[in-house]
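**Student:** Below: one structure in structure tokens.
The values are calculated or read from the model by the stated rules, or taken from the named source; none is laboratory data. Every value quoted in this text rests on a predicted model; they were computed, and no experiment measured them. Every residue, glycine among them, receives a Cβ derived from its backbone with ideal geometry; neighbour counts consider all protein chains shown. Accessible surface areas use protein heavy atoms only, side chains included; no ligands, DNA or RNA. Shrake-Rupley method; radii C 1.70, N 1.55, O 1.52, S 1.80 Å.
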Amino acid sequence: MDEKMTPKLDLAAELKDVPAPSLTLEPLAPEPAKQPEAVQPAGLDESSLTPEEAKTVAEFAQKIDITDSAVVLQYGAASQKKVADFSGSALEQVRTKDLGEVGGMITDLIGQLKGFDATAEKPKGIMGLFKKAESQIEELKSKYSKAETNVNRIEAMLEGHQVQLMKDMSMLDKMYDMNLVYFKELSMYILAGKKKLDQVRANELPALTARARASGLPEDAQAANDLENMCIRFEKKLHDLELTRNISIQMAPQIRLVQNNDAMMAEKIQSSIVNTIPLWKSQMVLALGMANSQQAMEAQRAVTDMTNELLRKNAETLKMGTIAAAKESERGIVDIETLQQTNRNLIETLDEVARIQQEGREKRQAAQQELGRIEGELKAKLLELRN
């Protein structure tokens, strides 16, 4: 019985990197270590099988005992489990893939590139130009250095994600090949089961039915009825395998969709690394060079403007000085107006002095008379006292 329940399919001539399809009556049988080259499956018929696979299906069909309930229950269970486990691992692969983070990094990269402003406010005046020219260039370099640091950091992270995406794409290729192998296994299980079911319904079941009718024994009728029920159960089992096979069919384009998404994201990252970032850096170098040239040009223009301004001011100063010197050279030692004013002041002074002197004489004369009167009064008073 153990020998019947562990049939193997040997495709040594086609062994590559994926496990070979195998048929087993043990649901927990170990998976083969090697796999044949994946073949694109066709419809569910033996035309999709190689001669060796068709021979294996025919031999395996002869080993199937649909009267054994355990065999019917476990038929194809191992292959179904492989597809179920494989579907779970594929789903987990999609869940753990955080392409949104990559999209966020590319968005941050675009923000860094747009945020760099190579223009600077122009200084006003010649002093402002010479004092601020160097600091403005340094500020521009500092902004470029900061942006470059952030861009390099994002670039390194994108490269890491690109490597991971390429690994994932390779892994998805292997998953696709494995899915084809599991698909082939299920197809072979189904074909072998249908072949066996057709043989039983074409040979064994009619024979049991004829014997029951001929003998009229209840045990013969029960045997024919049991075999019919076993055929129905086995047919349902094959239908379950066909449903699992359909899941495997759907898994193939799903794997390719995920793989295509990875490929598009990897291409987007590649474009950013080899095109966008180098182009930005070259443009920033040109911007810095143009800033230096613009600064030098503005400095030269400011020097020229200042020179012209100095020449205009000096010419104006020379004009005013020459005119003033000519006027002074034509003036006398003393202005006539000054002499006239001085003469008037002198006459007025003399008149004022004469008036003051006249008033002094008059006051002295009046005082002299008053002194005589006072003296007379004093003498009279003294004489009055003697008498």
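**Student:** Let me know the shape class of segment 306-387, please: from the alpha-carbon gyration tensor, a ≥ b ≥ c as square roots of the eigenvalues, rounded when a/c is under 1.5, otherwise prolate if a/b is greater than b/c, or oblate.
**Tutor:** Since a/c reaches 1.5 and a/b is larger than b/c, the shape of segment 306-387 is classed as prolate.
**Student:** Right, something else. Using alpha-carbon positions, what is the distance between the centroids of segment 337-387 and segment 170-226, in Å?
**Tutor:** 169 Å
**Student:** How much accessible surface area, in Å² rounded to 10, belongs to the heavy atoms of Glu370 with a 1.4 Å probe?
**Tutor:** 80 Å²
**Student:** With every protein chain in place, what's the accessible area of Lys327 (1.4 Å probe, Å², nearest 10)?
**Tutor:** 130 Å²
**Student:** Still on this model: According to the Cα gyration tensor, what semi-axes, each the square root of 5 times an eigenvalue, does the equivalent ellipsoid of segment 208-299 have, listed from largest to smallest in whole Å?
**Tutor:** Computed over segment 208-299, the values are 84, 6, 5 Å.
**Student:** Another question, if that's okay. With a ≥ b ≥ c the root eigenvalues of the C-alpha gyration tensor of segment 231-387, is it rounded (a/c under 1.5), prolate (a/b larger than b/c) or oblate?
**Tutor:** Working: a/c = 13.92, a/b = 3.36, b/c = 4.14.
Oblate.
**Student:** Ala287 to Thr317: FRET efficiency via 1/(1 + (r/R0)^6), r the Cβ-Cβ distance, R0 30 Å, to the nearest 0.05? Intermediate values should be presented prior to the final figure.
**Tutor:** Numbers: r = 44 Å, r/R0 = 1.46.
Step by step, r from the Cβ atoms, then E = 0.10.
**Student:** With every protein chain kept in the model, how would you rank His161, His239 by accessible area, 1.4 Å probe, largest at the top? Walk me through the numbers before you get to the answer.
**Tutor:** On the way: His161 45, His239 95 Å².
Descending order: His239, His161.
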